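Just so it is clear, none of the values below were taken in a lab; they were calculated from the coordinates. Bear in mind that the values here come from a model prediction, so they are computed numbers and not experimental data. Here the Cβ is made from the backbone with ideal geometry for all residues, glycine too, and neighbour counts use every protein chain on show.
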């Protein structure tokens, strides 16, 4: 029986999110892309793949090009993660734009019109 409050996948997601955010503060410079924050990490049940969702404030490029640039940095992220995270294998990473804030704004505008 699992006595821990969260599943292993949820714990790995939280740890990955924390480490990736620390990496952009201390090791990997992505300031040229705009002010990027990583909001959510979703890992597969076998912990081999992780989707990392980001949002951008004042982007200096299009969201598509920022996602492309982040996905080009995956080997650097994985190398840094391998030194930090204690897993059998470091998950493959894929970055996706998180448009939930924009969706919230659209819904909010619709609610104001009602």
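Beta bridges from DSSP with both residues in region 18-114: antiparallel share about 55 percent, rounded to the nearest 5.
Comparing 22, 64, 102 in a Gaussian network model of the chain (Cα springs below 10 Å), the most mobile by mean-square fluctuation is 102. Here the scattering of region 8-113 is modelled by Debye summation over its C-alpha atoms, one equal scatterer each and no solvent; at q = 0.11, 0.12, 0.13 Å⁻¹ the log10 of I(q)/I(0) is -0.37, -0.43, -0.50. The separation of region 1-52 from region 72-103, counted between C-alpha centres, amounts to 7 Å. The GNM of the chain, with springs linking C-alpha atoms under 10 angstrom apart, assigns the highest mean-square fluctuation among 31, 83, 11 to 83. Neighbour counts of C-beta atoms inside 10 Å place 30, 57, 24, 52 in the sequence 57, 30, 24, 52, starting with the fewest.
In percent, rounded to a whole number, the relative contact order of the chain is 25, using alpha-carbon pairs under 8 Å and six or more apart. Only helices enter the 222 nm calculation for the chain: every DSSP H run of n ≥ 4 contributes -39,500 (n - 2.57), and dividing by all residues gives -15000 deg cm²/dmol, rounded to 500.
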